[in-house]
Structure formats: structure tokens, C-alpha cells
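Each remark here refers to the structure printed beneath this line.
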Amino acid sequence: MCGIIGAIAQRDVEPILIEGLRRLEYRGYDSAGLVVLNPDAGLQRERAVGKVEALAQRLAGDGLRGTLGIAHTRWATHGSPTEYNAHPHMSRDHIAVVHNGIIENYAEIRGELKAKGYTFTSDTDTEVIAHQIMDYCLQGLDLLESVQRAVTHFTGAYALGVIARDQPDRLIAVRQGSPLIIGVGIGEHFIASDIQAMLPVTQRFIYLENGDLAELRRDQVRLFNAELQPVERPLTESSLTAGAADRGRYRHFMLKEIHEQPRAVAETLEGRLSGDGVLEGILGPDSEALLKRVKSLQILACGTSYHAGMVAGYWIEGLLGLPCRVEVASEFRYRRHAVLPDCLLLTISQSGETADSLAALRQAREDDYLGALAICNVPESSLVRESDMVLMTHAGPEIGVASTKAFTTQLVALFLLVLALGRHHGLDAARIRHFVEQLRTLPAVMEKVLHLDAPIERLAMSLVEKQHALFLGRGCHYPIALEGALKLKEISYIHAEAYPAGELKHGPLALVDADMPVVVVAPNNALLEKLKSNLEEVRARGGHLLVFTDDVEALGHDGAIQSLAVPPVDDWLSPIIHTIPLQLLAYHTAVLKGTDVDQPRNLAKSVTVE
């Protein structure tokens, strides 16, 4: 959600800024802009609605020349997606600001600044930041001090990049709630909301903490806390390369990431399995003592990660007999809740910067939980740093807005957690050994599922002209139906809903007719006979069924039902396998409809504001 890139260097920074914006496109945005400080002409700004390419076209030719600049991709919150609302925002041609996040009290500050004579040219909350900093500069404060004083007025979340016309050798950055990272170079330094934006120019990074301010010059980086006291933060080196964000031979990032799932799952399992179990200490030192004490779990997550948590809830209660609550993080924050005895708090997030999940974690830390465990894909993220224990997934960079490999690796990590808990909570050695053998086969089985790409594309043709779809599943496959419906609506814009199959006759059946396709996740398990009766209810009302099953013979295949055979695995692990056909179904439907698969409308990859 929104993206920041800034640079101070000994070379023209415009190409660096434009390439950084291109690498932030996956986050979701509706406009883009940049400001470069030209020693002769002052602050020069260019903005455009739409794709970064539209901005690049405006800069074609001479472009903007200068060694200091900031740039931004905006996802509209306050004010419509127009050029005058696009970042950067300026005050009196002297201060330029880019901003991720939301200033919640901007209306009050706007009124105060208007009373002082400041003119507003946008509808955004961001413009108050530029004018507030300008106001302190006019009072004689240094730029760094002006920024530090200005942010004391703001309520909300923000990451800021600030430059001034009379300060050609300084770039100021601030982080509060919204992620911001410094890229460390040689004779040049950078800021960005995601390391992806800086990989072409550096692989060394400093992750700012909440309340940090940074002053970047060409030859040094200085860090301060909110009171402008010097602080130090560790310098980390990333193993990612600039090529990690390339599509390669694939038409879309989403398709590439679907096909990367066998490798991602294999890497998530790597180094965590012994011959007959899960290695001790995979959650960190001293974690085994805590796992022995766990008597219940509370899972918090949003979106796709919430669906992963729902699957884990079935696993934890069904295999271990431990009570497990699973809740959307944004709801958990705003209600009174009771903490179960000896409860482990588990948060799940691909990015580790999801605003609602982070806020829920911070609130829950005030309650009497045994500890906080994070399952995450980004090792330097806020969620990881603020948790007691961590189980990293190894999905690698995920660029497509609709999550795929992050979801399956989360499921694998969650099953590893189940086995780690199982050592102390009722899973016998033989059953653990069986599950470990099944986990080892997952990458190969996933490869087999990917070979179903062509028949799934043919199935997608029956959805292209539809306006609605229902998804059904039972037991731990109900969350997979939810995830399948989410994928379809995210990228094809077909309205899709998911239900436990047993709920069909309690309302959704009223919607079923020839124009309402019903997608069913139907593994051959103890609930199959119950599920078959649900399918007959659909068939009797003229509905068209698309069924993914590991037993086609049991369900049949005729004009009303199209069944596709999915390779069988242990029923407890089949949610991981049955996810992939639904991803491919959504993908091919979106391609056939001609939508923007990787950057669907109105959505952002990393939701860093509430």
C-alpha cells in the first residue's frame, strides 16, 4: 500500500527513483510522482495518474537532473486519485514530502495551518506534513529539528521522506508505524518502504524502528530517536538480488509464484525435519519448555493469512485436542476478550507489516499470554522483531497482490508447529513419523498438481461469463474454499462466496441456478458421503458443479458436474494440495477476462494502514 523511494548520491537520481517505483508497483497504487532538487532550478516535481510508465513518459528526454530526490506511488485514501493529490507534496516550493500511512488528526491541523496563511492544493492528509515542517523552518529551526517537532503534532501511522530546497546535501526520514528502510551504499544512500526498490543499488540495509528519525548525507547516515538522541540500528545484508522480482518466462508474477510453490515448500521444510520428527528448537532457543506449557492457542491474522490460521485451528483441535481460537486481527483489536489458560499467541503475516495484525499483537502483549509466536515471510519485519518466537516461511519475494506461495508455505509452517506441539500433547511417535514422511512428499505432489494447468484452464472458460460463484468445502477444507473464493474475486472481479457445504440448505441454495457455478473441494475422506448429498442438491436445481477431488469415480462426471482428479495425500495435509487448483482456476479466469492479474483494482499487496 503506497511506496516510497528516496536517494542522495553523486549521480543523477531520477533513474534510480523511477526504477525503484517500478519495483514498488506490486504494492498497489493509482498515481506516481517524484521531486528532484536541481542546484540551479530548485525543487522540480512531476506527477501522473495511473502507472509508473505514465510518469516515465513525462520525464522522457532531458528528465529532471539532480543528486537528491524522493518519489512515491500513491494508493488513494484521502482524496480521489488525481494528479493534484499525487505525492510528493510541497510547501511554498521549499519543502517536499512523501508519506505512507494516515494522519488521523489532519483535519484539525489543516484548520490551524490555514489560519496561519498556508494554502492547500490537495485533498490529502499528507499536505499538512509539508506545511507543518515548513512552519517550523520559518521559525528558524534546522530541517531535522523541524521534522522532529512537526511529527509530534501527528496522530496515526506514517513513514516520511523529506527534502528542502536550501539543503542539497540532506535527506530526512521518519518512521512511525509504517515501514521504512535505509539502503546503505558507497557515497550514496537511499530510503524505501521495501527493500525490493533498492536491490538494484545496494544489498545493505538498516531497518528503522518506530519513532526513529534518520539524516542521510552522501558520506554518512545518522539515526536518532524521537527526542533526537543518537541511536544505533543493526546493518543487515540481504541475500535477495535485483533479479528476484523478474517474471522470467511467465506471463504474470502470479503464475510464476504458483509454479514456485514446490520449491518454496521444500525450502520451508529444509533443515526442520529429522528422520522421524520435527527438529527441536525450530521456534528458537528455549521454545521447547514453553511448548510443554501450552494448553490453548489464539491465532490472529488478516485476509489469506487468516484462512491459513483457520486451517491450523482444525489441525490443532483435531490432532492435539488443544482449544484454538482464530480471529481476524482487525476485529480482535476492538472487542473485550478473555484469554484462555496457558495460551500461546500466534500471529500470521506474509509481510510482517500488516497494520491490523501488528496492532493486535501490541495490544495482546498487555494480556496474560505465555508468549507471542510469529509466522512470517520477511525476517526483518516489525512482526518478527516484536515477537518472542518466530517460524519463518521461505516463500521468497511475492510480487503478485493475490497471495499464493505465501499461503501454502504458511500452511506448511503451521503444520510443523502442530508437530512440534504434538511431541508434548498427545501425538505418538509413529503418527509424527507418518506426517513427516507425508510432508517430504509434498513438493513432488505439488508438481503433479501443476501439470493440471491445461484442464483447469478449460474449466475456467465456464466461469468467464458468470457474475457470481459459490465455493463449498467441509472440515479443514472449508477455509480452502474461502481462499479459493477470495482469489477469484480478487483478480477476476467475479463475486464469489464460500460456505461450509452443510450450510448450503440454510440459505445459499436459494441462489443456485444455471447461472451460478458451484466450485467444490471434495477430498475422499469421512465427509465425502455427506458432501455428495450437497452436490445432489445443486444438481437437482440445475446448478453447474466444478469439483476438485481425489476420487472422480465416487462423484461422477456428466453435463452437470465437471470433476478434476487431484493427487491424493493424507487427509490432514490435503488442504495444502487442494489450494493449488483453486489458484490456477482464479488465474485462468482472470486472464480470459482480461483483468490486471498482478495488480487488481483497489487492492494493495501490503496493507500498512488500518
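The values are calculated or read from the model by the stated rules, or taken from the named source; none is laboratory data. Computed from a predicted model, the values in this text were never measured in an experiment. Note that each Cβ is placed from the backbone with ideal geometry, even for glycine, and that neighbours are counted across all protein chains shown.
Show me the strands (runs of 3 or more DSSP E) entirely contained within segment 1-78 in which 1 or more residues are closer than 23 Å to residue 157 by Cβ and in contact (Cβ under 8 Å) with a residue 60 or more places away in the chain. Show your work before the answer.
On the way: elements: 3-8, 31-38, 42-49, 68-74.
In segment 1-78, 3-8, 31-38, 68-74 are the strands (runs of 3 or more DSSP E) which contain 1 or more residues that are closer than 23 Å to residue 157 by Cβ and in contact (Cβ under 8 Å) with a residue 60 or more places away in the chain.
Give me the pairs, please: first residue somewhere in segment 85-96 and at positive phi, second residue anywhere and surrounded by fewer than 24 Cβ atoms within 10 Å (Cβ to Cβ) and assigned to a strand (DSSP E or B), beta-carbon distance under 7 Å, and either six or more positions apart or on two chains.
Every condition considered, the pairs that remain are 93/42; 93/43.
Only residues that are assigned to a strand (DSSP E or B) and either in contact with a Lys or Arg (Cβ under 6 Å, 6 or more places away or on another chain) or not assigned by the TED database to the domain that holds residue 130 (or both): list them for segment 166-195, please. So that I can check it myself, show each step before the final result.
At the first step, the residues of segment 166-195 found to be assigned to a strand (DSSP E or B) are 171-177, 181-184, 189-192.
Listed by number, the list holds a single entry, 184.
Collect the residues in segment 331-352 that are in a loop (DSSP other than H, G, I, E, B), crowded, with 19+ Cβ neighbours inside 10 Å and either among the polar types (S, T, N, Q) or free of Cβ contacts under 8 Å to residues at least 12 places away in the same chain (or both), keeping them in residue-number order.
If the condition is that a residue be in a loop (DSSP other than H, G, I, E, B), crowded, with 19+ Cβ neighbours inside 10 Å and either among the polar types (S, T, N, Q) or free of Cβ contacts under 8 Å to residues at least 12 places away in the same chain (or both), then 350, 351 are the ones that fit.
Could you please let me know if residue 369 is among the aromatic types (Phe, Trp, Tyr) and touching a strand residue (DSSP E or B) at 6+ places or on another chain (Cβ under 8 Å)?
On the way: among the aromatic types (Phe, Trp, Tyr): yes; touching a strand residue (DSSP E or B) at 6+ places or on another chain (Cβ under 8 Å): yes.
Here the answer is yes, as residue 369 does meet what is asked.
Does segment 11-27 include one or more residues that are touching a Leu at 6+ places or on another chain (Cβ under 6 Å) and in the same structural domain as residue 170 (by the TED database)? If you could, list the steps in order and put the result at the bottom.
Narrowing segment 11-27 to residues touching a Leu at 6+ places or on another chain (Cβ under 6 Å): 14, 17.
Still in the running and in the same structural domain as residue 170 (by the TED database): 14, 17.
Yes.
Go through segment 116-163 and count every residue that is part of a helix (DSSP H, G or I), touching a strand residue (DSSP E or B) at 6+ places or on another chain (Cβ under 6 Å) and among the charged types (D, E, K, R).
Adding up the residues that qualify gives 1.
For segment 440-481, name all the residues that are of a type in the set (A, V, I, L, M), closer than 15 Å to residue 578 by Cα and surrounded by 14 or more Cβ atoms within 10 Å (Cβ to Cβ). Lay out the reasoning, then the answer.
Initial filter on segment 440-481 (of a type in the set (A, V, I, L, M)): 442, 444-446, 449-450, 452, 454, 456, 459-461, 463-464, 469-470, 472, 480-481.
Remaining after also requiring closer than 15 Å to residue 578 by Cα: 442, 444-446, 449-450, 452, 456, 472, 480-481.
The answer is 442, 445, 446, 449, 450, 452, 456, 472, 480, 481.
Which of the residues that make up segment 423-463 are without any contact (Cβ under 8 Å) to a residue 24 or more places away in the chain and either part of a helix (DSSP H, G or I) or over 27 Å from residue 320 (Cα atoms) (or both)? Lay out the reasoning, then the answer.
Of segment 423-463, the ones without any contact (Cβ under 8 Å) to a residue 24 or more places away in the chain are 428, 430-431, 437, 451, 454, 458.
Correct list: 430, 431, 437, 451, 454, 458.
What about residue 178, is it under 27 Å from the mean Cα position of the chain (by Cα), modelled with pLDDT under 95 and closer than 16 Å to residue 18 by Cα?
When the stated conditions are applied, residue 178 does not pass them.
With the condition kept exactly as written, say whether any residue in segment 94-115 is buried (at least 24 other Cβ atoms within 10 Å of the Cβ), assigned to a helix (DSSP H, G or I) and within 33 Å of the chain's Cα centre (by Cα).
No, segment 94-115 has no match at all.
Looking at segment 484-601, what helices (runs of 4 or more DSSP H) fall wholly within it and have at least 3 residues that are at pLDDT 80 or above, closer than 19 Å to residue 405 by Cα and under 28 Å from the mean Cα position of the chain (by Cα)? So that I can check it myself, show each step before the final result.
Details: elements: 528-540, 552-555, 574-593.
Where helices (runs of 4 or more DSSP H) fall fully within segment 484-601 and carry at least 3 residues being at pLDDT 80 or above, closer than 19 Å to residue 405 by Cα and under 28 Å from the mean Cα position of the chain (by Cα), they are 574-593.
For segment 315-329, does any single residue satisfy the condition of being free of Cβ contacts under 8 Å to residues at least 40 places away in the same chain, of a type outside the set (Val, Ile, Thr), part of a helix (DSSP H, G or I) and in contact with a Ser or Thr (Cβ under 6 Å, 6 or more places away or on another chain)?
Yes, that holds for at least one residue.
For segment 361-383, which residues satisfy the criterion of being touching a Cys at 6+ places or on another chain (Cβ under 9 Å) and either in a strand (DSSP E or B) or buried (at least 18 other Cβ atoms within 10 Å of the Cβ) (or both)? Quick ask: steps written out before the conclusion?
Step one: of segment 361-383, the residues touching a Cys at 6+ places or on another chain (Cβ under 9 Å) are 367-370, 383.
Residues satisfying the conditions are 369, 370, 383.
Can you name the residue in segment 116-166 that is farther than 21 Å from residue 44 by Cα and among the hydroxyl-bearing types (Ser, Thr, Tyr) and is also farthest from the chain's Cα centre (by Cα) among such residues?
136
Is it fair to say residue 151 is hydrophobic (A, V, I, L, M, F, W, C) and crowded, with 24+ Cβ neighbours inside 10 Å? Spell out the reasoning first.
Working: hydrophobic (A, V, I, L, M, F, W, C): yes; crowded, with 24+ Cβ neighbours inside 10 Å: no.
So residue 151 does not fit the description; no.
List pairs: first in segment 259-287 and within 24 Å of residue 427 (Cα to Cα), second part of a loop (DSSP other than H, G, I, E, B) and charged (D, E, K, R), Cβ under 6 Å, 6+ apart or cross-chain?
So the pair list comes out as 279/272; 282/272.
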